[in-house]
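As structure tokens, the structure follows; a few thoughts come after it.
The values are calculated or read from the model by the stated rules, or taken from the named source; none is laboratory data. Bear in mind that the values here come from a model prediction, so they are computed numbers and not experimental data. Glycine gets a Cβ as well: all are built from the backbone with ideal geometry, and neighbour counts include every protein chain shown.
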């Protein structure tokens with residue numbers, strides 16, 4: 001379907017560009033969200049008549065987004081989630097979780113502004129793009145951890161999963177006597193046991 005863009009759309013074009021897109025993309029997203037018009041003679045005339053106003057509105061929204069970007073740029077959202085020992089999350093982190101975390105910190109964002117390249121399904125720190133306007137985007141950090149302490153370690157650059165396997169998290173370790181026969185109780189244990197019974 002041929003359409004006229006009413007705003008800049010990444011990987012598609014700028015305001016006023018006539019582009020061809022799949023019918024479903026146009027009917028289900030671009031046209032209902034007023035991001036484009038069908039390309040026909042009547043709409044071309046309407047667009048040209050209103051072009052100055054459309055571009056002025058876009059410029060005003062872009063300036064608002066630039067002023068808001070300082071309030072969002074570089075923020076860190078900490079999300080506490082349950083995970084397996086290997087760091088796999090039970091579920092995944094959604095754009096709504098990230099948007100809610102930013103709103104709690106006073107940012108004016110909604111979930112449609114969050115751009116997740118792929119779902120977050122493991123513990124770690126991720127850079128996530130927030131598109132405040134088609135021409136203004138910033139990056140925030142999303143820190144997914146099992147506890148606030150782990151989140152703090154991760155923000156310092158520690159990989160908590162690797163660290164967990166590096167440290168010896170051992171419970172009981174048996175004293176090893178190379179001369180002992182299998183099943184034999186070591187002399188130290190026998191001596192200790194006799195002392196306890198005498199007392």
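Would you check if residue 69 is modelled with pLDDT under 85, farther than 27 Å from residue 6 by Cβ and in contact with a strand residue (DSSP E or B) (Cβ under 6 Å, 6 or more places away or on another chain)?
On the way: modelled with pLDDT under 85: yes; farther than 27 Å from residue 6 by Cβ: no; in contact with a strand residue (DSSP E or B) (Cβ under 6 Å, 6 or more places away or on another chain): yes.
When the stated conditions are applied, residue 69 does not pass them.
Out of 34, 11, report the one residue that is closer than 24 Å to residue 139 by Cβ and not assigned by TED's automatic domain parsing to the domain that holds residue 125. So that I can check it myself, show each step before the final result.
On the way: 34 fails: closer than 24 Å to residue 139 by Cβ.
The conditions single out 11.
Criterion first (loosely packed, with under 11 Cβ neighbours inside 10 Å and either assigned by TED's automatic domain parsing to the domain that holds residue 121 or free of Cβ contacts under 8 Å to residues at least 60 places away in the same chain (or both)) does residue 71 satisfy it?
Numbers: loosely packed, with under 11 Cβ neighbours inside 10 Å: no; either assigned by TED's automatic domain parsing to the domain that holds residue 121 or free of Cβ contacts under 8 Å to residues at least 60 places away in the same chain (or both): yes.
In short, no.
Of all residues in segment 95-150, how many are more than 18 Å from residue 81 (Cα to Cα), assigned to a loop (DSSP other than H, G, I, E, B) and touching a residue at least 40 places away in the same chain (Cβ under 8 Å)?
Result for segment 95-150: 3.
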